Amino acid sequence: MSKQVRTLILAGVAVVALVALLLVLIFLLPSGGTGDTSSAASSDTSVTVLDKSKGADGKTVDHPIKNIQITIGNETYILSQNEEGELVADSYKDLPINTYEISSLVSTLTTITASKEIASNPDSPADYGFTGEFAPVESSETSSGSASSGESSSPREPKPVGLTAQISVTYHDDTTYGFEIGRESPTKEGYYLRETGKEPIYLVDSTFVETVSQPSTAYIGLNVITAPSVKTDDENGQAMLREIELGGSSRTSPLILRRSTPEDNLTNTSDYVITKPYFRAANASNALVTALGTYTSVTASGVEKPYPTSEDLKAYGLDNPFSTATFTLAVQTTEKAESSEETDKTSYYNIQKHTIKLGNKNSSGEYYALVYNEDTLIPVVYRFSAASVSWAESQYDDVAETLLFLRNITSLSNVVVTANGKLTDFHLEHFPDESERDDQMKVTADGQTYDTANFRTLYQVLMSIYRKGAAPGEPAGDPVLSIKLVPTEASEETLELSIYKHDPNVHIVRFSTGETYAVNATEVNEAVKQLGNYLEGKEVKQN
């Protein structure tokens, strides 16, 4: 027999074997019945239970649902159309609307699609949860299955099954359909569904059930603060947080940060400055300061209780809020200068004010909160995740710039330094039109001209004395180092500070404003040393 013929015979045998195997699978595997057939052998073909997306003319309907009544557990509520034809929860018509959740609900109930038909004529609908009663809700203690120390927990009794939800929908053509959702399938593929009064039972996925069986509060809006709108003809407009004022029982005094301006004359890498309790640059590396730019809109994580009573507010800790934030939002726009002699002009419009008050935390670490738009309270206790309110526990020391000062040297006329009992008044003259940087400033003291580049380094050394926390006590004795920064403009504030020795490692800084904190003694001693080097004509070194 030739090799070619032998190969053809072997191929034929293989084909016959595969066909035989296929016939065995077709005739011997179970085909399923009228009961719970959610095994792998069941059909995966989806079934359209109802489709009300189009009208009699075959065109898509804009508002396919007029009314929905939902019963879950012990709550029954209704959503109906408002004047704009949009569905809203009847109980909360005066509250913000969660348009996303309502849109999802409408979409889900307009065209109901099942994964498959489970039974066309079931013998026992109760097996699928259609008992006429709702399944009892397990308490958190029961579901945790915890046992006392040293005892083994007994097997948990099977959870009674029953209805998950009942839904009645009136569609655009005034037809009304009722649906029931039974229990979850044993294989966790989904839940059982049937039209009220009809026998076929379908399997729908869990997403469908989650969408249609939410509590009524799910349809209260969570977008509590929205960004002010930019005018259509404003190419430069940008919504931003212009100012935030923090208060509450967690703070001894208000903490206010605002958007920085060129007039602040700060060499600051942050877009914000602190105005209370002290005027100071904001620390650009602080988490709150970094997040300020995102607070043009704020979204709650959930609704805890609509229309709270005074007793409710006390229970949630909102009668005496732990932390409060008042946001001033606006659209900032810039009008470009027409010539090089002029400067760009910045202005604001659509200015809004919103306030959030935080009370206690729940077991998940979320804050209970009230929200005010302008001075009008939204009568809802919301929940906010800790991450969404990074300002909640922030204090002045957290957000204040850690450098000793950040005044722009070009805005100063004098830098007066006193060290080891000797006062030196450095007079600064500025020549901004000069092309060379060293020629743009002249430094003199006691009739003597000093090196400009070296003075810039000295200024950096003085600036780079870092805050390291709260002052360990009150300053005493004579200061080790005193600095006065005198601005060129008489209308601007002179900055004065003195540094006192506390112990070998820590010194205390006190500003003329009253601000006091601790600094590293090594950095202060180094600044005094480099000041001496500069006065002696030596090179100033900056670590």
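Compared with the direct C-alpha span, the chain from D62 to S229 gains 57.4 nm at full extension, assuming 0.36 nm per residue.
Sequence-distant contacts, meaning Cα pairs under 8 Å at least 6 residues apart, place the relative contact order of the stretch 389-543 at 22 percent. The loop-placed GluC sites (Glu not before Pro) in the stretch 223-263, going by DSSP, that have at most 11 neighbouring Cβ atoms within 10 Å of their Cβ come out as E235.
Highest mean first, the peptides 172-178, 127-133, 76-82 sorted by other C-beta atoms within 10 Å per residue fall in the order 127-133, 76-82, 172-178.
If you take all other residues with their beta carbon under 14 Å from the beta carbon of Q214, and give Lys and Arg +1 and Asp and Glu -1, the sum is -3.
Here the stretch 273-339 is treated as an ellipsoid with the same Cα gyration tensor; its semi-axes, largest first and in whole Å, are 35, 18, 12.
Subtracting the Cα-Cα distance of K529 and L423 from their residue separation scaled by 0.36 nm leaves 36.7 nm. The calculated 222 nm mean residue ellipticity attributable to helices in the chain amounts to -5000 deg cm²/dmol, summing -39500 (n - 2.57) over DSSP H runs of n ≥ 4 and dividing by all residues. Put a plus charge on the Cβ of each Lys and Arg, a minus charge on the Cβ of each Asp and Glu, and nothing anywhere else: the dipole of the stretch 376-534 about its Cα centre is then about 520 debye.
Between the helical axis of 521-535 and the longest alpha-carbon principal axis of the chain there is an angle of about 40 degrees.
Each label point was placed 7 Å from the Cα along the Cα-to-Cβ direction; for A387 and E195 their separation is 4.4 nm. When the C-alpha to C-alpha distance is required to be over 22 Å, the pairs from K231/K345; K116/K198; K93/K198; K93/K314; K361/K468 that qualify are K93/K198; K93/K314; K361/K468. The simple spin-label model puts a point 7 Å past each Cα toward its Cβ; for D90 and T269 those points are separated by 5.9 nm. Compared with the direct C-alpha span, the chain from Q542 to S435 gains 36.0 nm at full extension, assuming 0.36 nm per residue. Within the straight-line cut-off of under 16 Å between alpha carbons, the aspartates and glutamates reachable from K484 are D425, E492, E493, E496, E515, sequence neighbours fewer than 8 places apart in one chain being disregarded. Beta-bridge orientation, the chain: approximately 100 percent antiparallel, per DSSP, counting only bridges with both partners inside.
Going 7 Å from the Cα of T48 toward and past its Cβ, which residues in the stretch 104-125 have a backbone nitrogen under 16 Å from where you end up? The answer is 107-117, whose backbone nitrogens lie closer than 16 Å to the label point. For the chain, the relative contact order is 9 percent, taking Cα pairs closer than 8 Å that sit 6 or more residues apart in sequence and dividing their mean separation by the residue count. Taking the 0 to 90 degree range and rounding to the nearest ten, how far is the long axis of helix 99-110 tilted relative to the main principal axis of the chain, both from C-alpha atoms? Taking Cα atoms only, the helix is inclined about 10 degrees. Pop the C-beta distance of T516 and S168 into the FRET formula with R0 = 60 Å and round what comes out to the nearest 0.05. Efficiency for this residue pair is about 0.35.
If R0 is 56 Å, the Cβ-Cβ spacing of S413 and D319 corresponds to a FRET efficiency of close to 0.60.
Report, in degrees rounded to the nearest 10, the 0 to 90 angle that the Cα long axis of helix 452-463 makes with the longest principal axis of the chain. The answer is roughly 60 degrees.
Every number in this text was worked out from the coordinates using simple rules, so none of it is lab data. Please read these numbers as outputs of a predicted model, since none were measured by experiment. So basically every Cβ, Gly included, is an ideal-geometry build from the backbone, and we count neighbours across all protein chains shown.
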